[in-house]
Amino acid sequence: MTDSSIVEYFSGNEGYRCGYCKSDNTCYSHGMWAHTLTPLDYQNLIDRGWRRSGKYCYKPTMHRTCCPQYTIRCEAKKFVLSRSQKKVLKKVHKFLAYGEKEKHPQDESSETMMEHMEVSDFPQAIDMQSLKNIKVAKDLTCQEIHKGQTNDVPADNTALNHELCKEESLESPCNSASVDIPAVSESSHSITCEETSSSTSMQASKMDPDRPPCRKAKLIRRERKLQKLLKMGVSADEAKASMEKKNDRAKSLEDFINEPLPAEPAHKLELRLVPSALENPLFSQTFEESYEVYKKYQMSVHKDPAEKCSKKQYNRFLVNNPFQHCDDILCRSGYGSFHQQYWLDNKLIAVGVIDILPYCVSSVYFYYDPSYSFLSLGTYAALREIAFTRELNARYPALQHYYMGFYIHSCVKMRYKGQYFPSFLLCPETFIFQPIEKCRPKLDVSKYQRLEEDSNKGDPDGVVNLKEVMILFNKRPMIYPVYRNLNRHANDENLVKEYAGFVGRKCYRKMLLYRN
């Protein structure tokens with residue numbers, strides 16, 4: 001069981017202050033401290049409404065909490081750009097290609113509000129102070145689990161572990177065509193951003209009766225595009241063929257991202273993907289720069305005091321994670337937590353913290369240098385992460401979705417996440433994803449809703465069989481009945497049942513629940 005997840009569960013019966021509506025003692029959630037988590041177990045957890053912040057995993061008590069939080073994901077392969085998202089891509093292109101900035105940027109208040117919550121909001125609904133008071137067992141690792149005692153583990157559970165580990169290894173998204181997810185121990189891959197679009201500046205001309213009739217703007221743009229390709233050394237036949245091919249379909253996200261820059265662009269943007277691990281040399285080399293960007297962002301955008309932006313706090317929530325980077329399966333697969341760094345002219349300006357899991361790329365948090373807020377970096381980073389998900393999906397079909405954290409319909413500022421089409425919300429009762437278009441009318445009526453329309457559908461994964469629940473006791477894995485025989489004074493059956501119902505059968509048959 002060298003690749004097992006080890007967790008401690010905390011029941012959430014006390015309310016605390018909500019970070020969204022600011023009400024006191026109205027926010028409720030259940031929590032777990034994850035000493036270790038396999039990527040597949042965490043994938044199954046987020047598909048049951050869980051979310052992590054560092055090593056702390058939490059699940060909102062949906063029917064009770066003041067601001068219900070619905071897991072939201074975008075189907076990356078079918079993603080369609082909106083008009084405003086295209087504008088952001090063009091804006092970044094103009095800046096990279098020509099150094100141009102918007103003459104009339106968006107109103108500071110609305111733009112900033114979108115930016116600081118873009119991609120994935122910090123878990124504001126959690127009472128961070130209470131996390132400091134949680135007492136957990138000394139960090140447990142899989143290596144500490146005693147070998148043997150296989151008679152304590154049901155045979156079908158052993159087979160299940162084997163199949164899931166095999167599935168996890170087979171579906172590993174490593175060595176993508178142009179983006180190699182690093183072998184977690186050392187390597188990092190740089191992605192050079194070659195993003196531009198053709199110049200949109202057009203000189204207006206006065207009406208002249210002696211001049212020939214004006215041609216359509218589309219035709220003029222085509223001719224300019226052709227001239228640009230010819231200047232870049234592309235043959236006339238290749239240029240025309242390329243343009244005709246592009247005209248057969250709508251311009252995709254990749255078309256916007258991958259258009260070539262001028263020979264001498266005003267700026268160079270480079271993306272680097274590094275493992276989120278202090279012991280990794282590539283991560284440690286840029287740690288100070290990354291932390292300074294985070295601190296500047298939190299103080300400027302969130303108005304946090306300096307003492308709330310310490311390195312300890314930064315490490316706790318955005319660096320430390322439950323994925324074991326030393327684990328052989330993870331090293332082979334490329335799964336785990338990463339920092340996607342945005343370097344502008346060799347200066348770090350933004351960081352996207354992401355989890356790469358068997359079936360998705362999950363956004364954890366995004367922060368940037370406020371000096372570059374005019375670039376709408378939050379939206380831009382979300383689009384880049386969707387493109388990254390699509391790239392992985394092209395080689396690993398199981399990895400299909402981009403998870404954006406939680407959607408909170410009762411909080412207007414959080415509704416922007418539904419603008420990434422097509423988006424789906426997780427039903428809190430059946431844990432089946434539903435198109436957001438069908439969910440909005442229901443949520444307009446009541447902030448908590450069963451989103452699945454078929455009343456006959458239930459939650460089969462939520463059925464609890466205590467004989468299958470895995471326990472870690474005295475550093476030995478065992479099923480719950482064996483644990484009770486060894487610890488007859490334990491009075492935790494209801495707590496274990498509650499835990500098992502929330503994490504689901506896929507997880508409770510695999511993950512080890514720590515008991516002392």
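The values are calculated or read from the model by the stated rules, or taken from the named source; none is laboratory data. On a predicted model such as this, the values are computed, not experimentally measured, just so you know. Note that we place each Cβ from the backbone using ideal geometry, even for glycine, and neighbour counts take in every protein chain shown.
Numbers below:
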{"read-out": "Checking GLU429 against (1) touching a Ser or Thr at 6+ places or on another chain (Cβ under 9 Å); (2) assigned to a loop (DSSP other than H, G, I, E, B); (3) under 25 Å from SER53 (Cβ atoms); (4) not basic (Lys, Arg), the condition it does not meet", "value": "(1)"}
{"read-out": "Of all residues in region 413-472 being under 16 Å from TYR70 (Cβ atoms) and of a type in the set (Ser, Thr, Tyr), the one that is farthest from the chain's Cα centre (by Cα)", "value": "SER446"}
{"read-out": "Residue within region 365-380 that is at pLDDT 95 or above, assigned to a strand (DSSP E or B) and farther than 21 Å from ILE257 by Cβ present", "value": "yes"}
{"read-out": "Condition broken by TYR42, with the remaining ones in (1) outside any helix (DSSP H, G or I); (2) hydroxyl-bearing (Ser, Thr, Tyr); (3) crowded, with 23+ Cβ neighbours inside 10 Å satisfied", "value": "(1)"}
{"read-out": "Filter result (surrounded by fewer than 24 Cβ atoms within 10 Å (Cβ to Cβ), touching a residue at least 40 places away in the same chain (Cβ under 8 Å) and either among the hydroxyl-bearing types (Ser, Thr, Tyr) or under 22 Å from SER276 (Cβ atoms) (or both)) within region 364-375", "value": "TYR365, ASP369, SER373"}
{"read-out": "Criterion: under 27 Å from VAL7 (Cβ atoms) and either among the acidic types (Asp, Glu) or in a helix (DSSP H, G or I) (or both) - qualifying residue of ARG488, ARG440, ARG484, ARG415", "value": "ARG484"}
{"read-out": "Test result for LYS506, touching a helix residue (DSSP H, G or I) at 6+ places or on another chain (Cβ under 9 Å), over 28 Å from ILE408 (Cβ atoms) and either part of a helix (DSSP H, G or I) or among the charged types (D, E, K, R) (or both)", "value": "no"}
{"read-out": "Exclusive hit being basic (Lys, Arg) and closer than 22 Å to GLY352 by Cα, set LYS417, LYS442, LYS438", "value": "LYS417"}
{"read-out": "Region 345-361, residues that are part of a strand (DSSP E or B), among the charged types (D, E, K, R) and either in contact (Cβ under 8 Å) with a residue 60 or more places away in the chain or surrounded by 20 or more Cβ atoms within 10 Å (Cβ to Cβ) (or both)", "value": "ASP355"}
{"read-out": "For GLN449: the one exception among (1) surrounded by fewer than 20 Cβ atoms within 10 Å (Cβ to Cβ); (2) in a loop (DSSP other than H, G, I, E, B)", "value": "(1)"}
{"read-out": "Where ASN25 falls short, out of the listed (1) more than 17 Å from LEU495 (Cβ to Cβ); (2) polar (S, T, N, Q); (3) crowded, with 20+ Cβ neighbours inside 10 Å", "value": "(3)"}
{"read-out": "Pairs where the first residue, in region 65-87, is under 30 Å from TYR16 (Cα atoms) and the second is β-branched (Val, Ile, Thr), C-beta under 8 Å, 6+ apart", "value": "THR65/THR26; CYS66/THR26; CYS67/ILE408; PRO68/ILE408; GLN69/ILE408; TYR70/ILE408; THR71/ILE46; ILE72/ILE436"}
{"read-out": "Condition met for THR36 (at pLDDT 95 or above and in contact with a Cys (Cβ under 8 Å, 6 or more places away or on another chain))", "value": "yes"}
{"read-out": "The listed residue being free of Cβ contacts under 8 Å to residues at least 60 places away in the same chain, of a type outside the set (A, V, I, L, M, F, W, C) and buried (at least 20 other Cβ atoms within 10 Å of the Cβ), out of TYR420, TYR508, TYR402, TYR407", "value": "TYR508"}
{"read-out": "Single residue of region 253-281 satisfying the filter (assigned to a strand (DSSP E or B) and under 21 Å from the mean Cα position of the chain (by Cα)) that is surrounded by the most Cβ atoms within 10 Å (Cβ to Cβ)", "value": "PRO275"}
{"read-out": "Candidate set from region 318-344 (those that are hydrophobic (A, V, I, L, M, F, W, C), within 23 Å of TYR56 (Cβ to Cβ) and surrounded by fewer than 22 Cβ atoms within 10 Å (Cβ to Cβ)); member that is modelled with the highest pLDDT", "value": "VAL319"}
{"read-out": "Any pair with Cβ under 6 angstrom, 6 or more apart, that starts in region 438-449 at a residue that is modelled with pLDDT of 95 or more and ends at one that is surrounded by fewer than 13 Cβ atoms within 10 Å (Cβ to Cβ)", "value": "TYR448/HIS63"}
{"read-out": "Failed condition for VAL119, given (1) part of a loop (DSSP other than H, G, I, E, B); (2) at pLDDT 95 or above", "value": "(2)"}
{"read-out": "Checking GLY334 against (1) touching a residue at least 40 places away in the same chain (Cβ under 8 Å); (2) within 25 Å of ILE436 (Cβ to Cβ), the condition it does not meet", "value": "(2)"}
{"read-out": "Residue match in region 301-312 (condition: farther than 21 Å from LEU282 by Cα, surrounded by fewer than 17 Cβ atoms within 10 Å (Cβ to Cβ), in contact (Cβ under 8 Å) with a residue 60 or more places away in the chain and in contact with a Pro (Cβ under 6 Å, 6 or more places away or on another chain))", "value": "no"}
{"read-out": "Close pairs (9 angstrom Cβ cut-off, 6 or more residues apart or separate chains): free of Cβ contacts under 8 Å to residues at least 60 places away in the same chain in region 468-493, loosely packed, with under 14 Cβ neighbours inside 10 Å and of a type in the set (D, E, K, R) anywhere", "value": "TYR480/LYS467; TYR480/GLU493; PRO481/LYS467; ARG484/GLU493"}
{"read-out": "Test result for ALA250, loosely packed, with under 14 Cβ neighbours inside 10 Å and part of a loop (DSSP other than H, G, I, E, B)", "value": "yes"}
{"read-out": "Test set (1) of a type in the set (Asp, Glu); (2) assigned to a helix (DSSP H, G or I); (3) in contact with a helix residue (DSSP H, G or I) (Cβ under 8 Å, 6 or more places away or on another chain) - GLU288 fails condition number", "value": "(3)"}
